[in-house]
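Beneath this line is the structure, given in structure tokens, with notes to follow.
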Amino acid sequence: MAAPKPVGIRLERKKDASLLNWNLKRLHPPEKICVPLRQGSRPCVRVGEQVRIGQRIGEPENPEEATVHASISGTVTEIAAAPDAMGGMSVRVVIQKSTEPKLAPGVWEIRKGWEQIPAGELEAAFQCAGLVTTDLSAEPVHSKIKRHAAASTLVVNCCEPEPYVTCEQTLLLSHPVEVLKGAELLRKALGAEKILLAFETCNFEIGELLKSKIFFLKWTHAEARAVPSLYPQGTERLLLQNWFPGEKEKAVVFPASTAFAAYEAVAHQKPFYERLVTVGGECVVEPRSLWLPLGISFQDAIHACKGVMREPERVVMNGPMAGIAQADLNVPVTAGTAAVLALPKEITKKGPEEPCIRCNLCVNKCPAGISPVMITLAADHQELETAGIFGAAACIECGNCGYVCPSQRPMLEKIRTAKKKLGISGTKPAGAHHG
Ligand code: SF4
Ligand code: SF4
């Protein structure tokens, strides 16, 4: 099969600042956290109840859903709906921290013989840990495994296409063996034959590290493969479509950080209550990737990195290309939050929108092969049906079209609005994975 012609943009990576500190730290718990319950789950604690770290606080209403766990110990002070970082509302369990952190029984205890655990029991272990994928879809891992029961290849996504974001890179540099062991657990649960670890060519050190660990583990069923450092080539859909076409039909992609969480869930019996997040952007005093408890506010996440040295023009979740701008910094970090970025004016400000000059640049740089210009012009005229005909549903929300547009047209915003009006959902932003 002929190699695909990659469509993408070579972006300035801006990752150095948050990589200066790649010793991973956990911060002292904030005064309170607001853990959002998932749609399809209900609270199983009451206001006034004492909870411990890792304790179950949300029960699934159906077998496909995941449990939700407390990320700090303390007292439940409120259970109510509030805005989330995706622009919607979700029910949150508010926990006021206790003086001493306390773990729920069994949490962080090594599970005896965890490497020999039968494949049939792994799904239950993931479900019990409330393990969800660490991308914006936050799909329960046990459900994703069920959906891909026929997969023969597990692709572990070690790419990080958005500028500034380094949490996957930091995790892979610090814990390569744990990521591999977690990938092996996922492979076993899927019943797949092989593992392919996709890393970006510019991150050759990650590729070398993975290859050397695979060699020492004597694994013949795993391979690390480079993919071009072109935005957004590291995103899930493009990874399979462009770089693993032979595997496309029988492959399933999981982010590297989900593999790591799978390892922790099985080996350490640790529920999924925290994740690595990059807190960065030019305005943050000490940009870095660090472990944050799920439910911590964006404000507290920035505060954990010594706050801001100048007022950000915009705070975005997950990246400057496809990220979602936040008006309220009280929104909580969730499983899909890879980054909290405080960006200054010179990065976020474009000039005033001007008329389209039909240069076709947006079409040439669209990795989905659709016509961003026609979709947005149709949307401008409220011709939603036409926007749909030009392929709005296929947009992966990477932001390339707006990035290259010389007329400063807010392409992504226009397309997102059109998709919303058309009732098109389920496509996660391309830079959201990192996965
Ligand atoms: S945001 Fe959508 S339309 Fe624009 S370049 Fe990306 S995939 Fe194409
Ligand atoms: S890049 Fe901008 S100006 Fe050029 S065709 Fe696309 S929308 Fe029009």
Residue list for the stretch 171-184, restricted to those being surrounded by 24 or more Cβ atoms within 10 Å (Cβ to Cβ) and of a type in the set (A, V, I, L, M, F, W, C): Leu171, Leu172, Val179, Leu180, Ala183
Residues satisfying the stated conditions in the stretch 161-206, i.e. among the small types (Gly, Ala, Ser), within 23 Å of Val266 (Cα to Cα) and outside any helix (DSSP H, G or I): Gly191, Ala192
Hits in the stretch 357-372 - residues which are more than 9 Å from ligand 1 (Cβ to nearest atom) and under 26 Å from Glu162 (Cβ atoms): Cys359, Asn360, Leu361, Asn364
In the stretch 1-50, the residues that are farther than 29 Å from Leu239 by Cα, aliphatic (A, V, I, L, M), in contact with a strand residue (DSSP E or B) (Cβ under 6 Å, 6 or more places away or on another chain) and surrounded by 15 or more Cβ atoms within 10 Å (Cβ to Cβ): Ile33, Val35, Leu37, Val45
Subset tally (residues that are in a loop (DSSP other than H, G, I, E, B), without any contact (Cβ under 8 Å) to a residue 40 or more places away in the chain and more than 7 Å from ligand 2 (Cβ to nearest atom)) for the stretch 356-381: 4
Criterion: outside any helix (DSSP H, G or I) and among the hydroxyl-bearing types (Ser, Thr, Tyr) - qualifying residue of Ser229, Ser212: Ser229
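Mind listing whichever residues of the stretch 408-418 are assigned to a loop (DSSP other than H, G, I, E, B) and either over 14 Å from Ile324 (Cβ atoms) or free of Cβ contacts under 8 Å to residues at least 40 places away in the same chain (or both)?
Of everything in the stretch 408-418, those that are assigned to a loop (DSSP other than H, G, I, E, B) and either over 14 Å from Ile324 (Cβ atoms) or free of Cβ contacts under 8 Å to residues at least 40 places away in the same chain (or both) turn out to be Gln408, Arg409.
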Residue match in the stretch 400-407 (condition: more than 10 Å from ligand 2 (Cβ to nearest atom), in a loop (DSSP other than H, G, I, E, B) and either β-branched (Val, Ile, Thr) or over 23 Å from the mean Cα position of the chain (by Cα) (or both)): no
Failed condition for Lys350, given (1) within 12 Å of ligand 1 (Cβ to nearest atom); (2) closer than 30 Å to Ile302 by Cβ; (3) of a type in the set (Lys, Arg): (1)
Within the stretch 382-399, considering residues that are farther than 21 Å from Pro232 by Cα and part of a helix (DSSP H, G or I), the one nearest to ligand 2 (Cβ to nearest atom): Ala387
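Table: residues versus (1) in a loop (DSSP other than H, G, I, E, B); (2) in the same structural domain as Val76 (by TED's automatic domain parsing); (3) touching a residue at least 60 places away in the same chain (Cβ under 8 Å).
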{"position": "Val279", "(1), (2), (3)": "no, yes, yes"}
{"position": "Pro320", "(1), (2), (3)": "yes, yes, yes"}
{"position": "Thr334", "(1), (2), (3)": "yes, yes, yes"}
{"position": "Thr337", "(1), (2), (3)": "yes, yes, yes"}
{"position": "Val340", "(1), (2), (3)": "no, yes, yes"}
{"position": "Glu354", "(1), (2), (3)": "yes, no, no"}
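Report whether or not Glu311 is in a loop (DSSP other than H, G, I, E, B) and within 22 Å of the chain's Cα centre (by Cα).
Here the answer is no, as Glu311 does not meet what is asked.
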Evaluation of Asp84 against (1) without any contact (Cβ under 8 Å) to a residue 60 or more places away in the chain; (2) within 28 Å of Arg416 (Cα to Cα) (one fails), failing number: (1)
Whichever residue in the stretch 357-408 is closer than 22 Å to Ser425 by Cβ and β-branched (Val, Ile, Thr) and, among such residues, is surrounded by the fewest Cβ atoms within 10 Å (Cβ to Cβ): Ile389
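The values are calculated or read from the model by the stated rules, or taken from the named source; none is laboratory data. On a predicted model such as this, the values are computed, not experimentally measured, just so you know. Note that we place each Cβ from the backbone using ideal geometry, even for glycine, and neighbour counts take in every protein chain shown.
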